[in-house]
Amino acid sequence: MKKQIAILGSTGSIGTQALQVIEEHPDLYEVYALTANNKVDLLAEQARKFQPEVVVIANEDKYGILKEALADLPIKVYAGAEALCQVVEAQPIDIVLTAMVGYAGLKPTINAIKARKTIALANKETLVVAGELITALASQYQTPILPVDSEHSAIFQCLEMNNPVHKVILTASGGPFRTFTMEQLQTVTKEQALKHPNWSMGAKITIDSASMMNKGFEVMEAKWLFGVTPEQIEVVVHPQSVIHSMVEFEDGAVKAQLGVPDMRLPIQYAFSYPKRESLSGERLDFAKYHTLTFEKPDTTRFRNLALAYEALHQGGNMPCIVNAANEVVVAAFLKDQISFLGMSEVIEKSMAKVPFIKTPTYGDYVSTDAETRRIAAELVINGMK
Ligand code: NAD
Ligand code: MG
């Protein structure tokens with residue numbers, strides 16, 4: 001039986017690479033649903049090629065265009081955020097790949113867990129915002145959450161059945177500003193930030209990588225995926241991005257997963273787990289990498305990493321506040337409305353201003369997200385004056 005896959009965010013960086021994996025293994029995987037936010041032409045093109053049962057465009061204004069583009073095909077076409085949340089529940093779906101960006105991933109992921117679909121989780125924001133709720137639901141509904149993020153996939157690939165983890169070591173490339181001084185960081189532009197040295201990704205995660213918020217989020221993601229404490233998570237800067245992450249066991253043994261930077265591998269592993277399947281593409285050539293280097297991360301220059309650790313220690317709705325404020329400032333930075341270092345300032349102020357809730361419900365996350373967006377947007381505007 002072919003595995004039926006729903007891809008949320010099929011037009012993005014992860015989504016398009018997931019379709020490449022599926023194309024390489026037509027005997028193993030079939031696309032059941034494709035969804036996107038805005039890119040209606042690409043979504044229609046993908047639907048024509050992969051013939052899913054259902055497509056959903058989140059932006060309802062684009063419904064007419066999509067419907068017309070697929071009029072000659074027997075594909076169901078829906079629009080809107082609610083349709084996107086419902087489509088994941090369809091009975092035939094085996095795996096839901098959450099490859100959309102940001103807080104928008106939370107609700108459909110909750111629905112998919114409740115419908116007992118295996119989650120291939122790329123959307124780390126879901127675990128950042130509501131890790132406690134998501135992991136509790138996953139265990140209640142006995143739904144596996146398999147990591148797609150390369151670091152977490154690496155850790156997942158290193159785990160041993162009967163041996164507890166002593167420590168997980170997350171590698172970080174350090175991004176394009178790894179060697180920049182504080183003074184240089186003051187004037188960096190979005191064009192510079194969008195040039196990641198090793199990975200080609202969507203705009204939001206590329207900015208998060210440059211600011212190291214991405215690594216802060218990955219620390220939170222690791223906590224929830226692997227049930228470790230913040231003290232058991234170490235970040236090490238490794239500019240070559242060859243070691244994707246590591247696990248240290250109780251006897252001091254360290255296991256690492258290595259490979260060329262290529263997201264198709266962790267995507268495919270989440271689809272094929274527990275098996276491995278063939279995958280085309282470049283292989284690791286050690287002659288090309290004669291030096292692998294490691295450094296400690298600098299939380300003074302990359303303040304977001306410290307803020308993320310702070311949010312992780314406080315728990316409750318604090319990571320949700322950091323996520324929402326970060327989404328606001330990244331969008332503002334991409335519109336040249338805030339400076340690179342200004343982003344951390346707004347996040348820190350939002351953390352102080354939004355009311356703290358120790359044990360949030362789903363409703364509390366929704367209101368925290370909305371309230372934080374309002375406050376952070378105000379702070380951005382005040383900063384511009
Ligand atoms: P992207 O910007 O390239 O693509 C995002 C996709 O989500 C698009 O298909 C878009 O249509 C859809 N989308 C955006 N907003 C939406 C909304 N409100 N409702 C519904 N759909 C929406 O992003 P990406 O780089 O593919 O990243 C996707 C997720 O995967 C992010 O959470 C990111 O952190 C994570 N991730 C990405 C990479 C990578 O290499 N790109 C690596 C690890 C983790
Ligand atoms: Mg990653």
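The values are calculated or read from the model by the stated rules, or taken from the named source; none is laboratory data. Everything numeric in this text was worked out from a predicted model, so none of it was measured. Methodologically, a virtual Cβ is constructed for each residue, glycine included, from the backbone with ideal geometry; neighbour enumeration extends over all protein chains shown.
Here Leu133 passes the criteria (1) closer than 16 Å to Asn214 by Cβ; (2) more than 16 Å from ligand 2 (Cβ to nearest atom) except the one numbered (1). Select from segment 224-233 the residues that are out of contact with any Gly (no Cβ under 7 Å at 6 or more places or on another chain) and surrounded by 18 or more Cβ atoms within 10 Å (Cβ to Cβ) and write down the one among them that is nearest to Met263 (Cα to Cα). The selected residue is Leu225.
Within segment 102-112, the set of residues being among the aliphatic types (A, V, I, L, M) and buried (at least 24 other Cβ atoms within 10 Å of the Cβ) comprises Leu106, Ala112. Just one of the listed residues (Glu160, Glu234) is more than 18 Å from Glu310 (Cβ to Cβ) and more than 13 Å from ligand 1 (Cβ to nearest atom), namely Glu160.
Residues are listed down the side, and each one gets a yes or a no for (1) buried (at least 22 other Cβ atoms within 10 Å of the Cβ); (2) away from ligand 1 (no atom under 11 Å from the Cβ):
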{"residue": "Ala81", "(1), (2)": "no, no"}
{"residue": "Met100", "(1), (2)": "yes, no"}
{"residue": "Lys114", "(1), (2)": "no, yes"}
{"residue": "Pro164", "(1), (2)": "no, yes"}
{"residue": "Val168", "(1), (2)": "yes, yes"}
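Please determine, by comparing only the residues of segment 189-228 that are away from ligand 1 (no atom under 11 Å from the Cβ) and assigned to a loop (DSSP other than H, G, I, E, B), which one is modelled with the lowest pLDDT. The selected residue is Pro197. Taking (1) under 29 Å from Ala332 (Cα atoms); (2) more than 15 Å from ligand 2 (Cβ to nearest atom); (3) surrounded by fewer than 16 Cβ atoms within 10 Å (Cβ to Cβ) in turn, Ser200 satisfies each apart from (2).
Among the candidates Gln20, Gln51, which residue alone is at pLDDT 95 or above and either away from ligand 1 (no atom under 16 Å from the Cβ) or of a type in the set (Phe, Trp, Tyr) (or both)? Being at pLDDT 95 or above and either away from ligand 1 (no atom under 16 Å from the Cβ) or of a type in the set (Phe, Trp, Tyr) (or both) holds for just one of Gln20, Gln51, which is Gln51.
For segment 101-121, filtered to residues that are part of a loop (DSSP other than H, G, I, E, B) and not basic (Lys, Arg), the residue that is nearest to Phe217 (Cα to Cα) is Gly102. Within segment 136-152, the residues that satisfy the criterion of being part of a helix (DSSP H, G or I) and near ligand 2 (Cβ under 9 Å from one of its atoms) are Ser150, Glu151, His152. Taken over segment 53-90, the criterion of being among the hydroxyl-bearing types (Ser, Thr, Tyr) and assigned to a helix (DSSP H, G or I) is satisfied by Tyr63 alone.
Within segment 153-181, the set of residues being in a loop (DSSP other than H, G, I, E, B) and either among the basic types (Lys, Arg) or within 16 Å of ligand 2 (Cβ to nearest atom) (or both) comprises Ser173, Gly174, Gly175, Pro176, Arg178.
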